Amino acid sequence: MTETPAIAAQDATVVLDGTTLLAPTTFEVLPGEFWCLTGSNGSGKTTLLRAFLGSRRLTDGAVLVRGETVDMARPRHRRLMASLVEPIPVARDMTLREQVTLVAASWYGNTAETAERAEETIGRLGLTALGTRFPSQLSSGQLQLFNLALTLVRPAEVILLDEPERHLDTDRVDLVADLLTERAEQGTSFLVATHEPAMVNACDGVMELG
C-alpha cells in the first residue's frame, strides 16, 4: 500500500493581479522526512507555506496535508500542524520559560512531564540561561530561538518553517538543523523555506522554486 504523503503539492499555483507569485509546483514529503524549499526571493517559498496553512488561496492546483486540505479552524488540523511562518504573538510580561511551558501545557496538560518537555526544548535550543528573561531583553537571534521553542514544544505531525536560520550565527544554525533532523527521525515531517546551505545539507529533499 502506498504511504499517504504528509505534505503534497499538486500543480499548486498562485497568480495575483496578473503576477505569478507561485509557478505550478508539484512535490510530496513523506512522514518523517525533512524537506527544504529553496529559490530566490520572490520565487514563492513563503506563498507556498501560507497556502499549506490556508492563509493564501491557490489560483489552481491543490496543497494537502495527510491527504486533506487543511482548515485551521478544525481542532484536529491545529494539532496536526505547527508553523513559524508568521510572527508568533508573545506576552511582554511573561518570561521565556513561562511562555514555552504555557504553550506545552495548553497541548499536553499542566503536568510535571509537560514542564520537563518545555525545559528540554529550551535546553536543546541553548536558551536555559535565558529562561528568566522577558522577550524585550532578547537579541534578535535569541528571539528567533525563542520563537522556534514555542513552535517545537507543541505536538505536530507536520511543521512548516520560514527561514528558521534568520538572525542566527553559524553555530546556532547547525544546532537548529540537528534538532530538526532528530525530530524528523522521530516521525515529524518538515517543510522549511531557507537560503541556508547547512539546512539544505541536513535535509532529505529539496524543492527549488522559480
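The values are calculated or read from the model by the stated rules, or taken from the named source; none is laboratory data. Bear in mind the structure is a predicted one, so any value in this text is a computation, not a measurement. No Cβ is skipped: glycine too gets one built from the backbone with ideal geometry, and neighbour counts run over all protein chains shown. SASA here: full protein model, heavy atoms, side chains in, ligands and nucleic acids out. Shrake-Rupley method; radii C 1.70, N 1.55, O 1.52, S 1.80 Å.
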Loop sites only, by DSSP: take the trypsin sites (Lys or Arg not before Pro) in the chain that have at most 11 other C-beta atoms within 10 Å and name the longest stretch containing none of them. 93-210
How big is the accessible area of residue 88 in square angstrom, nearest 10, if you roll a 1.4 angstrom probe over the protein chains? 50
Just need log10 I(q)/I(0) for segment 19-159 at q = 0.09, 0.11 Å⁻¹, Debye formula, equal scatterers on the alpha-carbon atoms, no solvent, rounded to two decimals. -0.33, -0.49
Computed helical MRE - 222 nm, the chain, DSSP H runs ≥ 4 contributing -39500 (n - 2.57), nearest 500: -11000 deg cm²/dmol
What fraction, in whole percent, of alpha-carbon pairs in segment 165-208 exceed 12 Å separation? 58
Stokes-Einstein diffusion coefficient of segment 130-210, Kirkwood radius over Cα pairs, 20 °C, 1.002 mPa s, in µm²/s: 159
One quarter of the convex hull surface, Cα atoms only: what value does that give for segment 81-194 in nm²? 6.6
Nearest 5 percent is fine: what portion of the DSSP beta bridges confined to the chain is antiparallel? 45
Expressed as an acute angle from 0 to 90° and rounded to the nearest 10, what is the orientation of the C-alpha long axis of helix 112-124 relative to the principal long axis of the chain? 70
Ranked by accessible surface with a 1.4 Å probe, highest first, in what order do 71, 162 come? 71, 162
On a C-alpha basis, how far is the centre of segment 16-65 from the centre of segment 131-147 in Å? Whole number, if you could? 29
Please calculate how many Å² of accessible area the chain carries per residue, with a 1.4 Å probe and no DNA, RNA or ligand atoms counted. 49
Give me the percent of accessible area attributable to carbon and sulfur for the chain, probe 1.4 angstrom. 48
